[in-house]
Amino acid sequence: QVQLVESGGGVVQAGGSLRLSCAASGSTFSLNAIGWYRQVPGKQRELVATINIRGSTTYADSVRGRFTISRSNAKNTVYLQMNSLKPEDTAVYYCKIVMGPGYGSWGQGTQVTVSS
């Protein structure tokens, strides 16, 4: 079972930036595709971005051009660089293994709050 730990959340003003990290345990990290999700209380979890084992990425329309997902297999870590943040980006952000040997593993989440 792969364990994921998110970090990097916090409070930032609108227009600011944050970088989230998702650190994974185990030796199979490079074989897994990773997704970043976010959830607001009372709403379903939303897929924000994904990155596959070759580094190909996808983004939700709401974040395309502002967020960048990347990975370092040497550090067993996936990042989400978030720029030009908006109040509607406020949510708990989670990472998940979306394909590969560790499929289905979730992190515990990290809170991002964007003030107007």
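Sorted on the mean count of surrounding Cβ atoms within 10 Å across their residues, most packed first, peptides 98-106, 27-35 read 27-35, 98-106.
Projected label points at Gln1 and Thr57, each 7 Å from Cα along the beta carbon direction, are separated by 3.1 nanometres.
Counting only residues at least eight positions apart within a chain, or on another chain, the lysines with an alpha carbon under 23 Å from that of Lys43 are Lys86, Lys96.
Bear in mind that the values in this text are calculations on the coordinates, not laboratory data. The shown structure was predicted, so the numbers you read here are calculated from the model rather than taken from an experiment. Please note: Cβ atoms are built from the backbone with ideal geometry, for glycine as well, and neighbour counts cover all protein chains shown.
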